[in-house]
Amino acid sequence: MDPELEAFIPFLPKPDMNDPVAARRNFAERAAAIPAPDTTGLEVEDRTVTADPDVAVRIHRPHQARGAIVWLHGGGFVFGDLDTEHPWATRLAAGSGAVVISVDYRRSPEHPFPAAFDDAYAVLTWTAEHAADLGIDPERIAVGGHSAGAGLAAAVSLRARDEQGPPIRFQLLNQPGLDDRQETWSQRNFTDTPWHDRDTLTTVWRYYLGSRPATPYAAPARATDLSGLPPAYIATAEFDPVRDEGIEYALRLLRAGVPVELHQWPGTFHGSQAILSAEVSQRQIAELAAVLRRALAA
């Protein structure tokens, strides 16, 4: 474990996933304690995407931005919202120069699959249709997210390919949750890792899937054909149950002819980039922004 991260482990709470409402509230309270981000140089605007039902978004717009990313927060499909994601979306917009459209998708268990997936796709479609209004190039739209949000971004990419939907320039997948089967080495062996362990993931997938069987749009690792998908950046954390499914997905994309950059961060755990004082966290956040900037460049 990275020593700067290890020092914080005794103080990290474990969410009680048996009470999703309480877990959601506790997560929001911790996020609210984070100092407000510097939004100098950004226009921040809340809007509503007309869909069925409507979806709230928060747009973080740097001056002279030409590209955009539909950004999907983490939280195991259970918690997270526009406010908890605001610091991260702000950093990504400021660092990349891209418009970051943060999505307040519906959460499980109250709204199981495909609710969040449909919300994410609706925002992608809206972004492409309103590119002129947003001041962006419709050919420079990416999708991305962290954890469950990264899994949603991968699923949205599959649907856009299958339905000849809006063209996606790039996938930015940070520590993606992609596979409900939990059969990889990291899933079987990381049973007591910080913040995020095997039991937590079992509950998360049960809430998300509800009574439905898993499909590739719910768990993208189940997709048999990964050809024709957008280029991807995939980041994984060493001590993370979802590590190996992210690495395997990257390899499968490569074998399908999709350009991929894979970065395995040693000494880290799931979500550890939230410990901002650690040098490795600063590098992770800076790299996400730099990768997106490069991907959306002319």
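The values are calculated or read from the model by the stated rules, or taken from the named source; none is laboratory data. Just so it is clear, the model here is predicted, and its values are computed rather than measured. Note: ideal-geometry Cβ built from the backbone for every residue, glycine included; neighbour counts use all protein chains shown.
General observations
- Tabulated pairs, the stretch 205-220, first more than 17 Å from Ser157 (Cα to Cα), second hydroxyl-bearing (Ser, Thr, Tyr) and buried (at least 16 other Cβ atoms within 10 Å of the Cβ), C-beta under 6 angstrom, 6+ apart or interchain: Tyr207/Ser108; Tyr208/Ser108
- None of Thr39, Thr127 is under 26 Å from Gly165 (Cα atoms) and either hydroxyl-bearing (Ser, Thr, Tyr) or at pLDDT 95 or above (or both) except Thr127.
- Matching option when the condition is more than 26 Å from Arg293 (Cα to Cα) and in contact with a Lys or Arg (Cβ under 9 Å, 6 or more places away or on another chain), among Pro53, Pro37, Pro10: Pro53
- Just one of the numbered conditions (1) touching a strand residue (DSSP E or B) at 6+ places or on another chain (Cβ under 6 Å); (2) closer than 24 Å to Pro259 by Cβ is not true of Val242: (1).
- When Gln171, Gln175, Gln182, Gln187 are checked against the criterion of being of a type outside the set (Lys, Arg), out of contact with any Ser or Thr (no Cβ under 8 Å at 6 or more places or on another chain) and either modelled with pLDDT of 95 or more or over 21 Å from Val49 (Cα atoms) (or both), Gln187 stands alone in meeting it.
- Only one of the listed residues (Gly267, Gly271, Gly246, Gly257) is exposed (fewer than 15 other Cβ atoms within 10 Å of the Cβ) and either farther than 21 Å from Trp88 by Cα or not polar (S, T, N, Q) (or both). That residue is Gly257.
- Entirely in the stretch 41-125, the strands (runs of 3 or more DSSP E) that have 3 or more residues that are surrounded by 24 or more Cβ atoms within 10 Å (Cβ to Cβ): 68-72, 99-104
- For the stretch 28-87, residues that are under 29 Å from Val204 (Cβ atoms), of a type in the set (A, V, I, L, M) and touching a strand residue (DSSP E or B) at 6+ places or on another chain (Cβ under 7 Å) total 10.
- Which listed residue, of Leu292, Leu288, Leu226, is among the hydrophobic types (A, V, I, L, M, F, W, C) and more than 15 Å from the chain's Cα centre (by Cα): Leu226
- Selection of first residues in the stretch 274-298 that are closer than 17 Å to Gln264 by Cα and of second residues that are outside any loop (DSSP other than H, G, I, E, B) and among the hydroxyl-bearing types (Ser, Thr, Tyr), restricted to Cβ pairs under 7 Å at least 6 apart or on distinct chains, gives the following pairs, ordered by first then second residue: Val280/Thr268; Ser281/Ser272; Ala289/Ser96; Val291/Tyr233.
- Among the residues making up the stretch 210-222, a single one is among the hydrophobic types (A, V, I, L, M, F, W, C) and surrounded by fewer than 20 Cβ atoms within 10 Å (Cβ to Cβ): Ala214.
Residues are listed down the side, and each one gets a yes or a no for (1) of a type in the set (D, E, K, R); (2) under 18 Å from Ser147 (Cα atoms):
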residue: Leu5; (1), (2): no, no
residue: Asn26; (1), (2): no, no
residue: Glu29; (1), (2): yes, no
residue: Ala33; (1), (2): no, no
residue: Thr39; (1), (2): no, no
residue: Val57; (1), (2): no, no
residue: Pro62; (1), (2): no, no
residue: Pro87; (1), (2): no, yes
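- Check on Asp16, under 28 Å from Phe117 (Cα atoms), among the acidic types (Asp, Glu), modelled with pLDDT of 95 or more and surrounded by 11 or more Cβ atoms within 10 Å (Cβ to Cβ): no
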